[in-house]
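Peer 1: Starting off with a structure, shown below.
No value in this document is a laboratory result; all are computed from the given coordinates. A quick note: this is a predicted structure, and the numbers were derived from the prediction, not measured.
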């Protein structure tokens with residue numbers, strides 16, 4: 001070994017830790033559904049992704065509660081449809097045998113309603129993009145387009 005080569009410090013290169021699959025999926029969803037950081041679309045994307053995670057963990061009520069607070073009306077149409085598709089899938093699993101009905105007045109806005117004993121009113125079980133809260137009682141007469149939750153296509 002010569003004097004010139006012995007003065008060069010020995011360094012090792014380490015590779016940075018690789019992101020988890022979950023982190024990569026979050027980045028992909030954020031980049032597909034939003035264009036600016038902290039946009040309503042990004043917030044909705046994260047909410048739907050978190051609700052999906054809760055659904056997969058078996059917490060259907062938690063997933064529905066998370067989606068109830070989502071800012072769906074402020075989102076773009078394709079994001080609202082995506083949020084609705086996730087919400088309806090969770091609602092169907094949660095209320096499948098209850099005889100519940102779905103009311104959807106607009107894109108990204110919907111409610112699952114259960115008939116009450118009097119036949120003329122319905123109780124709100126879950127909402128998406130609406131001001132209603134679970135437990136609210138609404139008149140069946142004022143709602144158009146009710147359909148069974150257990151139906152095939154949403």
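Peer 1: Between residue 150 and residue 96, what is 0.36 nm times their sequence separation minus the Cα-Cα distance? Round to one decimal in nm. Spell out each step's value before the answer.
Peer 2: Working: separation 54, 0.36 × 54 = 19.44 nm, distance 0.58 nm.
Extra length available between residue 150 and residue 96 comes to 18.9 nm.
Peer 1: Mind checking the full-extension length gain between residue 26 and residue 76? Use 0.36 nm per residue of separation minus the Cα-Cα distance, one decimal, nm.
Peer 2: Additional length available on full extension: 16.1 nm.
Peer 1: Right, next: Separation of region 118-134 and region 81-99 by C-alpha centroid, Å?
Peer 2: Taking the Cα centre of region 81-99 as reference, the centre of region 118-134 is 14 Å away.
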